[in-house]
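Each remark here refers to the structure printed beneath this line.
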Amino acid sequence: MLSRADAILIIIDIQCNLAQAMYEKENLFSNNVKLIQGVNENRDIGIAAIKSTEVHLTSTEMVLFELLRTAADPKAKKLFKIVK
């Protein structure tokens, strides 16, 4: 059985580790928010650059449909389920 002093030291150690984990969690959350915002900004810049050229934006489903020429093929239906 733990002595009272040992139990107190364990509690202090747990609280210290918990405080560090919460601090790291806040930093991780903050860094993730910055990363997501950066991705969105870069995505918007990339789409604007593409639109300024002769390139036409489309979806993966549209490209597959154009390649297959039909959605009636059973293989096409399976493929579209995977892509969606």
For segment 54-72, enumerate the residues that are modelled with pLDDT under 75 and of a type in the set (S, T, N, Q).
THR70
Quick check on this structure: which one of LYS51, LYS75 is basic (Lys, Arg) and either modelled with pLDDT under 80 or touching a Gly at 6+ places or on another chain (Cβ under 7 Å) (or both)?
LYS75
Across segment 52-69, which residue is nearest to the chain's Cα centre (by Cα) among those that are part of a helix (DSSP H, G or I) and β-branched (Val, Ile, Thr)?
THR60
Of the listed residues (ALA72, ALA19, ALA49), the one being more than 25 Å from the chain's Cα centre (by Cα) and in a helix (DSSP H, G or I) is ALA19
Flag if ALA5 is of a type in the set (A, V, I, L, M, F, W, C), surrounded by fewer than 10 Cβ atoms within 10 Å (Cβ to Cβ), in a helix (DSSP H, G or I) and on the phi < 0 side of the Ramachandran plot:
yes
Working carefully through the options ILE12, ILE82, find the one that is surrounded by fewer than 10 Cβ atoms within 10 Å (Cβ to Cβ) and not in a loop (DSSP other than H, G, I, E, B).
ILE82
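The values are calculated or read from the model by the stated rules, or taken from the named source; none is laboratory data. Remember, it's a predicted structure, so these values are computed and weren't measured experimentally. Glycine gets a Cβ as well: all are built from the backbone with ideal geometry, and neighbour counts include every protein chain shown.
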